[in-house]
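To keep things clear, I will list the structure first and then write my remarks on it.
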Amino acid sequence: MLLNEYQFVSCFARYIEGLIKQKKNSGYIYDSAKYTLIQFDKFCMEQNVKHPLITKELTNKWEIWRENEGKNRRAYRISVLRQLAIYMVSLGHECYIPSKFSAKSYKLPYVMNDMEIQAFMQVADAYVPQINADRFNILAEEYKVLFRFIYCCGLRVSEARKLKIKDIDFEKCTAVLRHSKGDKDRLIYIAKDVCDMCLDLITILRKKYSFYSEYLFPSSNPTNPLQVASINLKFKEFWNKTPHAKCDRHPTVHSLRYSFVVARMNRWMENGESP
C-alpha cells in the first residue's frame, strides 16, 4: 500500500493527520515518519486503544524492542511518538512525552577502589623516564601531581590540564576553572595538602629546571598544556604496571573522577551526612 493511500483509523487518527499536515506545511517531506505513524496507528488498533491519550503505559509497550530491529530504528520510532505527544500537548491535551532516546550505547564507568588507587599512585611516584633528559623528567614530575589532582578534586581531564596558575588562589585553596562544561567558569575548593603539592611542583619546575609556564601542567612546550592523548597513554602505562591490571575491564583517566565521587558520597553516608 502506498503512503498516500493509507487511511488512519485509530483513535489518534485526527492528531496523526494534523501532525503530518503541520510538518509538510513547514517544508518537511516527512514520509519516513508517516510510515512510522502508520505502524503506530495499526499498533493502537491491535492494542485496542480507545482513548486518544499517550500514556506512559502505552509508550512502554511501543518502546519494546522488536525482533531484528536495530538501535537506530527503535530510537526513530520513539522519536516519532515523542513528536506526536508534543503536538497533542500543544493542542491542550495532557500526554506523556517520551524522553529522548539515543541509539548510542554507553559503557558503565570503571570505579577504582582504594587499593587500586593506591597501587596506581605508587607506580606514578616510582616512574623514571627511559631517557634522562630535562623535558622527560619535567613530565614525570607533572604526572605524579596531575593524577592526584584529578582524583582529589574530581576533575575532568580537560579541566585539570588547562588550569592556569593565575587562576589558583593558594591562600584560600580555591581555583577557577575557565570555560568548563557548558562554557561556564566554575569555582572549586582544593585541600590544603593538594595545594602544597601543586606549589612544590611549580617550585621544582622553576628552580630545578628553569621551566616557566602559565599552565599548572604544561607540555614540553611551556606555551601549551599537556595533551589529552599523552595523559591517556601515560595513565594506561601506569595502570598496566599495577597488580590489578589483569581484569575484564580497564579504567580510564576519568575513572579517577568517578572514583572520587563514589568515595566522597560513601564518606558522607558513613558520617551520617545528607548528600
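Which condition breaks for Gln118 when tested against (1) assigned to a helix (DSSP H, G or I); (2) more than 30 Å from Lys246 (Cα to Cα); (3) within 30 Å of the chain's Cα centre (by Cα)?
The one condition Gln118 does not meet is (2).
So, in region 1-27, how many residues would count as being surrounded by fewer than 14 Cβ atoms within 10 Å (Cβ to Cβ) and farther than 15 Å from Tyr87 by Cα?
Count: 8.
Which residues, counting only those in region 1-57, are over 39 Å from the mean Cα position of the chain (by Cα) and among the aliphatic types (A, V, I, L, M)? Spell out how you get there, then give the answer.
Filtering region 1-57 for residues over 39 Å from the mean Cα position of the chain (by Cα) gives 1-11, 13-14, 45-46, 48, 50-51.
The answer is Met1, Leu2, Leu3, Val9, Ala13, Met45.
So is Ser274 modelled with pLDDT under 95 and either in a helix (DSSP H, G or I) or β-branched (Val, Ile, Thr) (or both) or not? Spell out how you get there, then give the answer.
Numbers: modelled with pLDDT under 95: yes; either in a helix (DSSP H, G or I) or β-branched (Val, Ile, Thr) (or both): no.
No: the conditions fail for Ser274.
Just to verify a result, which residue in region 26-61, among those that are among the aromatic types (Phe, Trp, Tyr) and assigned to a helix (DSSP H, G or I), is farthest from His93 (Cα to Cα)? Step through it out loud before you land on a result.
In the first step, residues of region 26-61 are kept if they are among the aromatic types (Phe, Trp, Tyr); the result is 28, 30, 35, 40, 43.
From what's left, assigned to a helix (DSSP H, G or I): 35, 40, 43.
Working: Tyr35: 24, Phe40: 19, Phe43: 21 Å.
So, considering only residues that are among the aromatic types (Phe, Trp, Tyr) and assigned to a helix (DSSP H, G or I), the one farthest from His93 (Cα to Cα) is Tyr35.
Among the listed residues Ser230, Ser210, Ser180, identify the single one that is surrounded by 15 or more Cβ atoms within 10 Å (Cβ to Cβ) and among the polar types (S, T, N, Q). Write out each step before concluding.
Values: Ser230 fails: surrounded by 15 or more Cβ atoms within 10 Å (Cβ to Cβ); Ser210 fails: surrounded by 15 or more Cβ atoms within 10 Å (Cβ to Cβ).
Checking each option against the conditions leaves just Ser180.
Look through Thr242, Thr223, Thr203, Thr252 and report the one residue that is of a type outside the set (Asp, Glu), part of a loop (DSSP other than H, G, I, E, B) and without any contact (Cβ under 8 Å) to a residue 24 or more places away in the chain.
Numbers: Thr242 fails: without any contact (Cβ under 8 Å) to a residue 24 or more places away in the chain; Thr203 fails: part of a loop (DSSP other than H, G, I, E, B); Thr252 fails: without any contact (Cβ under 8 Å) to a residue 24 or more places away in the chain.
The match here is Thr223.
Looking at Leu81 and the list (1) in contact (Cβ under 8 Å) with a residue 24 or more places away in the chain; (2) surrounded by fewer than 18 Cβ atoms within 10 Å (Cβ to Cβ); (3) of a type in the set (A, V, I, L, M), which single condition is not satisfied?
Status for Leu81: all satisfied but (2).
Go through region 62-97 residue by residue and tally those that are in a loop (DSSP other than H, G, I, E, B) and at pLDDT 90 or above. Please lay out each step first, then the result.
So in region 62-97, the residues in a loop (DSSP other than H, G, I, E, B) come out as 64-70, 91-97.
Next, from what is left, pick out any that are at pLDDT 90 or above: 64, 91-97.
Summing the residues that are in a loop (DSSP other than H, G, I, E, B) and at pLDDT 90 or above in region 62-97 gives 8.
Output the residue which, of all residues in region 230-252 that are modelled with pLDDT of 95 or more and of a type in the set (A, V, I, L, M), is nearest to Leu146 (Cα to Cα).
Ile231
Mind listing just one residue for me: the one in region 171-225 that is among the small types (Gly, Ala, Ser) and under 28 Å from the mean Cα position of the chain (by Cα) and, of those, farthest from Val145 (Cα to Cα)? Give the steps one after another, and end with the answer.
Restricting attention to region 171-225, the residues satisfying the condition of being among the small types (Gly, Ala, Ser) are 175, 180, 182, 191, 210, 213, 219-220.
This time we only want the ones that are under 28 Å from the mean Cα position of the chain (by Cα), so: 175, 180, 182, 191, 219.
Values: Ala175: 16, Ser180: 21, Gly182: 26, Ala191: 13, Ser219: 14 Å.
Per the stated criteria, the residue is Gly182.
Give me a count of the residues in region 44-78 that are acidic (Asp, Glu) and open to solvent by less than 80 Å² (accessible area, probe 1.4 Å). Reasoning before the result, please.
Going through region 44-78, the residues acidic (Asp, Glu) turn out to be 46, 57, 63, 67, 69.
Checking the rest, the ones that are also open to solvent by less than 80 Å² (accessible area, probe 1.4 Å) come to 63, 69.
Residues meeting the conditions: 2.
Considering only residues that are within 14 Å of Cys198 (Cβ to Cβ) and either assigned to a loop (DSSP other than H, G, I, E, B) or out of contact with any helix residue (DSSP H, G or I) (no Cβ under 9 Å at 6 or more places or on another chain) (or both), which ones fall in region 129-168?
Passing the criteria: Leu155, Leu163, Lys164, Lys166, Asp167.
The values are calculated or read from the model by the stated rules, or taken from the named source; none is laboratory data. Fair warning: this is a prediction, and the values are worked out from it, not measured in the lab. Neighbour counts are summed over all protein chains in view; Cβ atoms, including those assigned to glycine, are modelled from backbone coordinates with ideal geometry. Just the protein is used for accessible areas: all its heavy atoms, side chains included, with ligands, DNA and RNA removed. Shrake-Rupley method; radii C 1.70, N 1.55, O 1.52, S 1.80 Å.
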